[in-house]
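The values are calculated or read from the model by the stated rules, or taken from the named source; none is laboratory data. What you see is a predicted model; the values in this text were computed from it and never measured. FYI the Cβ positions are ideal-geometry reconstructions off the backbone, even for glycines, and counts take in every protein chain you see. Ligands, DNA and RNA are excluded from the accessible area calculation, which covers all protein heavy atoms including side chains. Shrake-Rupley method; radii C 1.70, N 1.55, O 1.52, S 1.80 Å.
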Amino acid sequence: MGMTITEKILAAHAGLDRVEAGTIVNARVDVAMGNDATAPLAIAAFREAGARKVFDRRRLVLVCDHFTPNKDIQAATNCKIMRDFAREQQIPRFYEGGEAGICHVLLPEAGLVVSGDLVVGADSHTCTYGALGAFATGVGSTDLAAVMMTGELWFRVPETVKVVLRGRPGPWVSGKDVILALIGAIGVEGANYRALEFTGEAVAHLTMADRFTVANMVVEAGAKNGVFPPDETTREYVYARGDRDPVFYESDPDASYADVLEMDVSALEPQVAFPHLPSNVRPVGRVGSIKIDQVYIGSCTNGRIEDLRTAARLLRGRKAAPGVRLIVAPATPEVYRTALAEGLLEVFLDAGAVISPPTCGPCLGGHMGILAAGEKALATTNRNFVGRMGHPKSEVYLANPAVAAATAVLGRIAHPDELKGVHRL
Amino acid sequence: MIIKGRVWKFGDNINTDLIIPARYLSSTDPGFLAAHVMEDADPTFASRVAPGDIIVGGKDFGSGSSREHAPIALRAAGIACVVAKGFARIFYRNAFNMGLPIFVSPDLFDLVEEGDVIEVDAAAGRILIPSKPAAEVAVAPIPPFMRDLLAAGGLIPYLTKGVGR
């Protein structure tokens with residue numbers, strides 16, 4: 001019996017010839033990551049355990065992105081704890097201030113994760129890196145502390161579900177719509193404890209940005225990790241950035257899958273997830289008339305340059321509707337700089353947008369765009385739980401950047417094609 | 001290990017944003033987090049919960065973020081254990097890593113009412129409801145490795161005691 005990509009990466013890092021779903025292995029970690037919401041707890045646990053030195057100062061990445069620029073004294077204290085620890089341990093990859101971006105966009109962009117890696121991060125959206133053909137999963141701060149001490153961690157080898165993507169996505173349909181449709185189909189615990197492996201001819205039509213978005217949200221279906229078999233698109237991306245040699249794993253033809261799901265992406269419309277679950281999905285044509293108070297374009301799901309380009313294409317020469325607050329947050333300094341060079345920031349400013357520094361803030365109701373009771377936001381983010389972006393009586397709708405741009409202009413949730421009748425200024 | 005306590009019931013999809021909203025995450029102080037535990041699910045919960053109480057949840061308890069502030073807040077509020085129809089994986093890991101006992105039982109939810117006292121007998125794999133002698137519910141056994149983690153008091157003591165090395 002062959003193995004899946006996920007099994008192969010876990011076996012290789014556990015020093016075993018083969019592993020099977022359900023067994024618990026102890027595996028070597030290539031890259032470990034913590035942010036300002038989770039690293040301070042890990043550092044406290046590390047010290048409490050009497051540990052002195054991190055397992056490898058070059059393989060621990062610390063990013064201040066959640067409550068930065070520091071929203072209050074406590075947030076500033078947390079970043080100081082990380083900064084002091086980074087100095088003490090001589091950790092070169094400590095990101096704050098003008099170097100910091102949203103970790104899950106920053107790490108791949110900086111080449112810190114390559115194909116074949118085993119990555120853990122004390123953040124649930126660490127699964128994003130699976131887009132590169134890596135095994136990546138979110139853990140808690142205590143797990144991160146254990147890795148900081150030993151360079152290893154325990155894993156239950158997950159069963160893999162193969163997701164075969166057929167066809168070719170139509171206009172305005174992106175990775176966001178593929179993953180929202182999948183979560184809508186299988187539910188928020190439809191892949192609990194499992195790996196989701198994305199294959200099929202449609203994958204060739206998905207950009208790296210699309211794949212990051214898909215892998216980012218597998219946790220919204222409960223999955224442990226999501227993985228895309230590396231192809232030319234992956235190789236090009238990794239070789240342009242990575243400073244380590246990638247390993248390109250493929251699943252064996254006789255690998256064992258817990259389930260096989262098929263989805264024809266050519267039939268997909270842009271999707272909208274209604275409050276308060278990411279699985280509460282409808283095609284944008286069937287949402288009815290929903291007035292929106294705030295549109296947020298950004299996050300580890302959709303704050304990449306490709307996302308900003310899509311939004312800018314629709315917003316160019318147009319304005320956000322009166323009463324709509326439009327917030328755009330480039331995910332990293334590199335995305336910000338590219339958006340500036342391409343003239344996208346001017347498009348957003350002309351449209352009446354607030355341009356935010358790179359931060360996770362608005363997505364998790366941390367700061368920089370909080371909702372009041374009764375307000376509705378449409379966001380390109382990944383979660384629409386009760387109170388996610390502010391008051392427990394506010395509402396969040398999730399969609400792709402094109403739907404977000406159209407929604408900002410029309411003041412209600414809208415299909416991008418509805419802008420055809422709205423003339424540019 | 002027998003855990004006896006009063007039941008608080010919550011439904012399906014109690015995610016980590018409900019257990020402890022992100023607006024409080026810049027703090028790691030257990031007392032502060034406990035004062036806001038479950039706030040967006042039941043704003044009165046934190047003031048009414050007592051040490052030794054048990055939370056009984058529905059499907060996918062603890063879904064969402066990896067924040068350990070969630071199990072920290074529950075433990076600091078005095079929650080003795082959580083019994084749910086199912087748990088999201090990161091919360092499941094975090095609970096064992098931190099020594100918070102959690103149990104999977106698909107059947108308990110529909111048999112208990114809020115305020116009932118239950119007895120979780122992990123070794124025997126059952127839950128008793130003394131006020132309903134007929135109702136005895138099976139609880140999924142904790143996998144051996146996870147039992148070792150709990151016995152050590154969590155992952156870090158497990159590692160530093162050298163049990164796992």
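Worth pointing out:
- Some residue of region A:213-226 being open to solvent by 20 Å² or more (accessible area, probe 1.4 Å), assigned to a loop (DSSP other than H, G, I, E, B) and not assigned by TED's automatic domain parsing to the domain that holds A:VAL403: no
- Residues in region A:1-43 that are touching a Ser or Thr at 6+ places or on another chain (Cβ under 7 Å), assigned to a helix (DSSP H, G or I) and closer than 30 Å to A:GLY365 by Cβ: A:PRO40, A:LEU41, A:ALA42.
- Filter result for B:ALA76 (surrounded by fewer than 19 Cβ atoms within 10 Å (Cβ to Cβ), within 14 Å of another protein chain (Cβ to nearest Cβ), modelled with pLDDT of 95 or more and closer than 20 Å to B:PHE10 by Cα): yes
- So A:TYR249, is it without any contact (Cβ under 8 Å) to a residue 24 or more places away in the chain, open to solvent by 10 Å² or more (accessible area, probe 1.4 Å) and at negative phi: no
- Just one residue in the set A:ALA39, A:ALA45 is within 14 Å of another protein chain (Cβ to nearest Cβ), on the phi < 0 side of the Ramachandran plot, over 22 Å from the mean Cα position of the chain (by Cα) and crowded, with 24+ Cβ neighbours inside 10 Å; that residue is A:ALA45.
- Criterion: modelled with pLDDT of 95 or more, in contact with a Cys (Cβ under 9 Å, 6 or more places away or on another chain) and not basic (Lys, Arg) - qualifying residue of A:TYR296, A:TYR249, A:TYR257: A:TYR296
- Scope region A:48-58; condition facing chain B (nearest Cβ under 10 Å) and crowded, with 16+ Cβ neighbours inside 10 Å; matching residues: A:ALA49, A:ALA51
A quick yes/no check of all residues on (1) assigned to a helix (DSSP H, G or I); (2) closer than 27 Å to A:VAL218 by Cβ; (3) open to solvent by less than 30 Å² (accessible area, probe 1.4 Å):
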residue: A:PHE348; (1), (2), (3): yes, no, yes
residue: A:THR359; (1), (2), (3): no, yes, yes
residue: A:CYS363; (1), (2), (3): yes, yes, yes
residue: A:LEU378; (1), (2), (3): no, yes, yes
residue: A:TYR397; (1), (2), (3): no, yes, yes
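- Checking region B:87-96 against the condition returns a match, with at least one residue being of a type in the set (Val, Ile, Thr) and either within 8 Å of another protein chain (Cβ to nearest Cβ) or surrounded by 21 or more Cβ atoms within 10 Å (Cβ to Cβ) (or both).
- Residues satisfying the stated conditions in region A:305-327, i.e. open to solvent by 20 Å² or more (accessible area, probe 1.4 Å), closer than 12 Å to A:ALA353 by Cα and not in a loop (DSSP other than H, G, I, E, B): A:ARG325
- Filter result (acidic (Asp, Glu), within 14 Å of another protein chain (Cβ to nearest Cβ) and buried (at least 16 other Cβ atoms within 10 Å of the Cβ)) within region B:30-53: B:GLU39, B:ASP40
- Qualifying residue in region A:16-34 (condition: at pLDDT 95 or above and of a type in the set (Ser, Thr, Tyr)): no
- Conditions (1) at the interface with another protein chain (Cβ under 9 Å from one of its Cβ atoms); (2) open to solvent by 10 Å² or more (accessible area, probe 1.4 Å); (3) of a type in the set (D, E, K, R); (4) within 19 Å of A:PHE155 (Cα to Cα); number of the one not met by B:ARG147: (1)
- Residues that are open to solvent by less than 40 Å² (accessible area, probe 1.4 Å) and away from every other protein chain (no Cβ under 13 Å) were ranked within region A:59-80; the one that is nearest to the chain's Cα centre (by Cα) is A:VAL63.
- Index of the failed condition, A:ILE24 passing every other in (1) within 11 Å of another protein chain (Cβ to nearest Cβ); (2) surrounded by 19 or more Cβ atoms within 10 Å (Cβ to Cβ): (2)
- Some residue of region B:2-10 being in a loop (DSSP other than H, G, I, E, B) and either within 11 Å of chain A (Cβ to nearest Cβ) or open to solvent by 30 Å² or more (accessible area, probe 1.4 Å) (or both): no
- Annotation note: Cβ proximity below 7 Å between a residue of region B:91-117 that is more than 15 Å from B:ILE127 (Cα to Cα) and a residue that is among the acidic types (Asp, Glu) and modelled with pLDDT of 95 or more (sequence gap 6+ or interchain) occurs for B:ARG93/A:ASP143; B:ASN94/B:GLU68; B:ASN97/A:ASP143; B:MET98/B:GLU68.
- Answer from B:VAL112, B:VAL117, B:VAL137 - the residue that is surrounded by fewer than 17 Cβ atoms within 10 Å (Cβ to Cβ) and over 22 Å from A:THR23 (Cα atoms): B:VAL117
- Exactly one residue among A:ALA405, A:ALA331 is buried (at least 24 other Cβ atoms within 10 Å of the Cβ) and in a helix (DSSP H, G or I), and that residue is A:ALA405.
- Residues that are farther than 25 Å from A:ALA351 by Cα and either open to solvent by less than 40 Å² (accessible area, probe 1.4 Å) or under 19 Å from the mean Cα position of the chain (by Cα) (or both), drawn from region A:281-304: A:VAL281, A:PRO283
- Here A:GLU189 clears all of (1) open to solvent by 30 Å² or more (accessible area, probe 1.4 Å); (2) in contact (Cβ under 8 Å) with a residue 60 or more places away in the chain; (3) in a loop (DSSP other than H, G, I, E, B) except the condition numbered (2).
- Some residue of region A:97-110 being away from chain B (no Cβ under 12 Å) and without any contact (Cβ under 8 Å) to a residue 60 or more places away in the chain: yes
- For region B:133-144, the criterion of being under 15 Å from the mean Cα position of the chain (by Cα), touching a residue at least 24 places away in the same chain (Cβ under 8 Å) and within 14 Å of another protein chain (Cβ to nearest Cβ) is satisfied by at least one residue.
- Within region A:81-137, the set of residues being open to solvent by 10 Å² or more (accessible area, probe 1.4 Å) and hydroxyl-bearing (Ser, Thr, Tyr) comprises A:TYR95 only.
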